[in-house]
Structures are given as structure tokens and as C-alpha cells.
1. Taking Glu166 as meeting all but one of (1) surrounded by fewer than 19 Cβ atoms within 10 Å (Cβ to Cβ); (2) outside the structural domain of Asn273 (by TED's automatic domain parsing), write down the number of the exception.
2. When you scan segment 104-207 for strands (runs of 3 or more DSSP E) that lie fully inside it, which ones turn up with 2 or more residues that are under 25 Å from His289 (Cα atoms) and without any contact (Cβ under 8 Å) to a residue 40 or more places away in the chain?
3. With respect to His145, determine if the residue is modelled with pLDDT of 95 or more, exposed (fewer than 14 other Cβ atoms within 10 Å of the Cβ) and either among the small types (Gly, Ala, Ser) or closer than 30 Å to Gln250 by Cβ (or both).
4. When you scan segment 241-253, do you find a residue that is under 18 Å from the mean Cα position of the chain (by Cα), crowded, with 20+ Cβ neighbours inside 10 Å and closer than 30 Å to Val148 by Cα, even just one?
5. If you check Arg206, Arg167, which single one turns out to be within 19 Å of Leu35 (Cα to Cα) and basic (Lys, Arg)?
6. Looking only at segment 208-222, count every residue that is at pLDDT below 95, of a type outside the set (Ser, Thr, Tyr), surrounded by 10 or more Cβ atoms within 10 Å (Cβ to Cβ) and not in a strand (DSSP E or B) and tell me the total.
7. Return the residues of segment 56-97 that are at pLDDT 85 or above and small (Gly, Ala, Ser); say none if nothing qualifies.
8. Determine which member of the set Tyr276, Tyr282 is aromatic (Phe, Trp, Tyr), surrounded by 15 or more Cβ atoms within 10 Å (Cβ to Cβ), within 18 Å of the chain's Cα centre (by Cα) and under 24 Å from Ile92 (Cβ atoms).
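The values are calculated or read from the model by the stated rules, or taken from the named source; none is laboratory data. Quick caveat: nothing in here was measured; it's all calculated off a predicted structure. Every residue, glycine as well, gets a Cβ built from its backbone with ideal geometry; the counts of neighbours run over all protein chains shown.
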Amino acid sequence: MKWLVNPSAPTTIAVQESSYPLKFNQQNSQTAALLPRYDLPAPMLDRPAKGADGALLALTAGKNRETIAAQFAQGGANGLAGYPTTSNMWVIGKSKAQDAKAIMVNGPQFGWYAPAYTYGIGLHGAGYDVTGNTPFAYPGLVFGHNGVISWGSTAGFGDDVDIFAERLSAEKPGYYLHNGKWVKMLSREETITVKNGQAETFTVWRTVHGNILQTDQTTQTAYAKSRAWDGKEVASLLAWTHQMKAKNWQEWTQQAAKQALTINWYYADVNGNIGYVHTGAYPDRQSGHDPRLPVPGTGKWDWKGLLPFEMNPKVYNPLSGYIANWNNSPQKDYPASDLFAFLWGGQIALRRSTDCLSKSHA
């Protein structure tokens, strides 16, 4: 079992600035003993394995799992091209920036592609005056400036997803137990066209918690994926777009509050102000819920709702005069993602950054 909060993990927001107010009491966790036995492979081991060149490997199911597990063990993740990738950011404020009001250096790591799916763009008209870089077909610039503020991002890796173990009915196929009643799952047919092959049709099942990812017939259990950002995709894309018109921290954070995906947003302006927000929508879980494990889907452990934006880690003009991130923990006591092969650990790379930035000027 991986840790939820690693007290030794370095954070983007310094300890003297703030710590995360919600505390997880591991001794109060009640959900593990309520789960059915699970003997199937870890779902993340069933993803297609890739070689060092990024090409898919033609392997048997067993060998594929061995390869993925070995990649995880060697590098901590298998990356988009078969080896690890982590994004990084430096934001330097006016108290430390030499010959500049503020400096932003963003090193996003999407992977390696030819041709790249990101491109430089200038948008000057219709109320916009921005220059930057963004993935193809995005409505807003992920990295850019408008002459008054600049912005950038790295992956946040907050825990915005839970798995619910639905108890299936043995007598009524397609039904699951929720709040004392047998409820019929929603279903739809999907067809995938296969190049040079037969089209494949399958059924997508959905409960009140989300789409079914896997079913274990031996225990009559279906595992549903509940996403805090579900239904907020368009609002999130619009937030990326509208931030491009922001002229100050207040206007910018209004858009950050609408961004539901787990992304770190960074800010700097012509007056030398700098800021950081760990954006995203995150569940307000029941007391005793261990988010590292599936939780029974019978109703008792349903989310109470979503946490307010005020709970998201954020800092404006930090005392240090700089902001640094290398896909590390945003704030002291902030719970880690439950991704199979992702940990917030010692972060040697981040410590090298902060050692450099802590010097008098940059």
C-alpha cells in the first residue's frame, strides 16, 4: 500500500506559507474490510506496453503485464514513449528577478512526437491579444501571455477519481444495489471501426457513480469509475480560454476556479506579481473513506459533494520570491494521487531547482 501523505515530500507551496487543512486519519479507514476479494491483475498493467522508441510491443497478455511492471519499477512510470516524463516550472517574482519584473520558465513534458501536436500561435483580434503555445485544436493557449499577464501549467496529479465496487444482483442481470434498492444500470452500444478488420461492438454500462471499468463475476462485483470533473469538461476548456483575457490575479483566479481537471496553473504579471493554483474539482468524501482503495457502492460511501475552490492549494507572491514545481506535491499534508505508479517522494530534481532559486537573484 502506497502512502497517502508523505511528510518528507517537498512541496511547491512552502510549509511556512500554508498546509492543507483536511487531514486523513489512516486509523479511521473503514472501507478495506468491506471490499470483496480481488484476484484479477491491476488494471494499469493491462495497458499496451511500449518500447523505448514509443512503438507498441506485440506481447502476450502475461508478458505485457511483466513489461509494464518492469518499466514502472525501473523509472516510476512508463511515460508516453516508454520512459518517464515530468513537467517543470519556475516562476520568479520581482524581489529576485534581475533586470525583469518577473520571469516564467515552463518545461511541459507531453512526450515525444513527430510532428509535434503542440504549436506556437498568435491570436490578435476579437478581443484577444495573446501569444503562446498550445496543443492542436484547444480553444485556449495552455502556455502564453497577453502583454499584461503570463500563464503556464504542469500536471497536478490530485486525486479526483474514486472507484466504487457495485454489488450486482445474481437474479436480475444489469442491476446493482444502491441505497437499499436494486437499480438498473444505464447502458448503450458503442461500435469501433477497425482498420483492415471487423468493426467491434460492445456495451457500455453505467451506474450512479460512473462507467463500469471491470466486472468480477466470481464475486458479483462491478467496478465503476467516479470522476469529480465529469460534466465539467466544456466549462474547463472555456476557463482556459477566458484566462487569456485576465489582467490581474483576481480575474485570473476566477477562471482557475472553473477549471475542473487536476492541473497546476501558474501566474506572473508586468508588476512582478507571481502566483500558483492547484486547480481542479475534488470529492468531499465520507469520513473513513480510504481513497487509495475502491469503496463499496451501496450508498453509504457516496461523495457528499465537491470541495469548495477555497480548499485548493494556492499562493500569491510567496515569501520566497519564487515558485517551483516538478510534478511534485503542491502543499504540505496534501493527499497524493492513487495512480498505480506515481509517488510524491524525495524529488531530487525539484530540490536542485529550489537550491538554485533560493540564491539572491535569478
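1. That leaves (1) as the condition not met.
2. Values: elements: 118-125, 128-135, 143-145, 149-155, 161-167, 175-178, 181-184, 186-192, 200-206.
Correct list: 181-184, 200-206.
3. On the way: modelled with pLDDT of 95 or more: yes; exposed (fewer than 14 other Cβ atoms within 10 Å of the Cβ): no; either among the small types (Gly, Ala, Ser) or closer than 30 Å to Gln250 by Cβ (or both): yes.
Judged against the criteria, His145 is not a match.
4. Of the residues in segment 241-253, the ones under 18 Å from the mean Cα position of the chain (by Cα) are none.
No.
5. On the way: Arg206 fails: within 19 Å of Leu35 (Cα to Cα).
From the options Arg206, Arg167, the qualifying one is Arg167.
6. 0
7. Here is the first cut: in segment 56-97, the ones at pLDDT 85 or above are 56-67, 87-97.
Ala58, Ala61, Gly62, Ser87, Gly93, Ser95, Ala97 - these are the residues of segment 56-97 that are at pLDDT 85 or above and small (Gly, Ala, Ser).
8. Working: Tyr282 fails: under 24 Å from Ile92 (Cβ atoms).
Answer to the check: Tyr276.
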